[in-house]
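The values are calculated or read from the model by the stated rules, or taken from the named source; none is laboratory data. All of these numbers come straight from a predicted model, not from anything done at the bench. Using ideal geometry, Cβ is built from the backbone for each residue, glycine included, and neighbour counts are taken over all protein chains shown. Areas reflect the complete protein model, heavy atoms only, side chains present, ligands, DNA and RNA absent. Shrake-Rupley method; radii C 1.70, N 1.55, O 1.52, S 1.80 Å.
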Amino acid sequence: MKKLFSAAVYASALLCSSFALTAHAESPEQVPAAVANASAATFNAEKLKQTISQTLGLEVSTARKTPMPGLAEIVTEQGLFYTSYDGEYFIQGKLFNLGPNVTNLTETSLAQVRLDGMAKFEKDMIVFPAKNEKHVVTVFTDITCGYCRKLHNSMEEYNDLGITVRYLAYPRAGVYQSPGTYTQGFEDLRSIWCNEDPAKAMTRAKAGSSVARRICDKPVEDNFKFGRQVGVSGTPAIILANGFMLPGYRDADDLKNILENL
């Protein structure tokens, strides 16, 4: 079983290798030597950030070594990627450790990125607190999403089980429909966050009421960018207290069981 999994991961890694950032095409005979040279390079976080920025135009917030020799992990506004220490090779995909227990190292790293990001937005979340709080989850939400509405309609059940729900905004249609023009989804979510009572505005909107237009300085666009960075591709997306993410809807009892067995 482990051999099959290892083979599948190896094949996936090959398929996910996006491209080699080389100045010229290399022949098959040159590739092993090039890879060996890249692996032997010295890790320099600041130099690697600069190389990736100049080559791809990606802003790298952090760069660090991975357990795999010669492979660095970089966190950008577009997500988490891997490169050789010299920035010559760039990989989009997941990194697994196939030791005694198979570990998804990519998800472990993303969990920490999520925790760091949520801390920045904590004061701007719309919160539905449990009176007898036992657990806290953070949910990327949109008012046009059917399962987001289903989750919200069961808010009392979550709260009764001791689960506090905190919302971050994630307009499914994106932020801009054309340069300088916001999507309706973004404007509705911004209006909810700018309302004098955001929680009530959220409840009314998810019940189907129209959204009264509001404009203010709330990090709705930053919420969306953060979601994209940490792997959100749809709503609802539930972030647990340890930073791991559950994509999709979970009913109150199911979520409670997951939280109690972390």
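Points worth noting:
- Only one entry of Glu107, Glu59 meets the criterion of being farther than 19 Å from Gly243 by Cβ and charged (D, E, K, R), and that entry is Glu59.
Every residue, every condition in (1) on the phi > 0 side of the Ramachandran plot; (2) among the aliphatic types (A, V, I, L, M), yes or no:
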site: Arg190; (1), (2): no, no
site: Trp193; (1), (2): no, no
site: Lys200; (1), (2): no, no
site: Arg204; (1), (2): no, no
site: Ala207; (1), (2): no, yes
site: Val220; (1), (2): no, yes
site: Gly231; (1), (2): yes, no
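- Where strands (runs of 3 or more DSSP E) fall wholly inside segment 134-221, the ranges with 1 or more residues that are open to solvent by less than 10 Å² (accessible area, probe 1.4 Å) and either at pLDDT 95 or above or of a type in the set (Val, Ile, Thr) (or both) are 135-141, 163-169.
- Scope segment 139-175; condition more than 21 Å from Phe121 (Cα to Cα) and among the aromatic types (Phe, Trp, Tyr); matching residues: Tyr147, Tyr158
- Residue within segment 65-81 that is open to solvent by 40 Å² or more (accessible area, probe 1.4 Å), more than 16 Å from the chain's Cα centre (by Cα) and touching a residue at least 60 places away in the same chain (Cβ under 8 Å) present: no
- For segment 79-94, the criterion of being at pLDDT below 95, touching a strand residue (DSSP E or B) at 6+ places or on another chain (Cβ under 8 Å), among the small types (Gly, Ala, Ser) and in a loop (DSSP other than H, G, I, E, B) is met by at least one residue.
- Scanning segment 82-132 for residues that are open to solvent by 70 Å² or more (accessible area, probe 1.4 Å) and at positive phi returns no hits.
- Pairs meeting the criteria (first residue in segment 91-106 and closer than 17 Å to Gln78 by Cα, second residue aromatic (Phe, Trp, Tyr) and surrounded by 15 or more Cβ atoms within 10 Å (Cβ to Cβ), beta carbons under 7 Å, at least 6 apart or on different chains) are Ile91/Phe81; Ile91/Tyr82; Gln92/Phe81.
- Boolean, Gly162 is under 29 Å from Gln78 (Cβ atoms) and out of contact with any Pro (no Cβ under 8 Å at 6 or more places or on another chain): no
- Test: residue in segment 108-119 that is in contact (Cβ under 8 Å) with a residue 12 or more places away in the chain and part of a strand (DSSP E or B): no
- Subset of segment 222-243 (residues that are polar (S, T, N, Q) and open to solvent by 10 Å² or more (accessible area, probe 1.4 Å)): Gln229, Ser233, Thr235, Asn242
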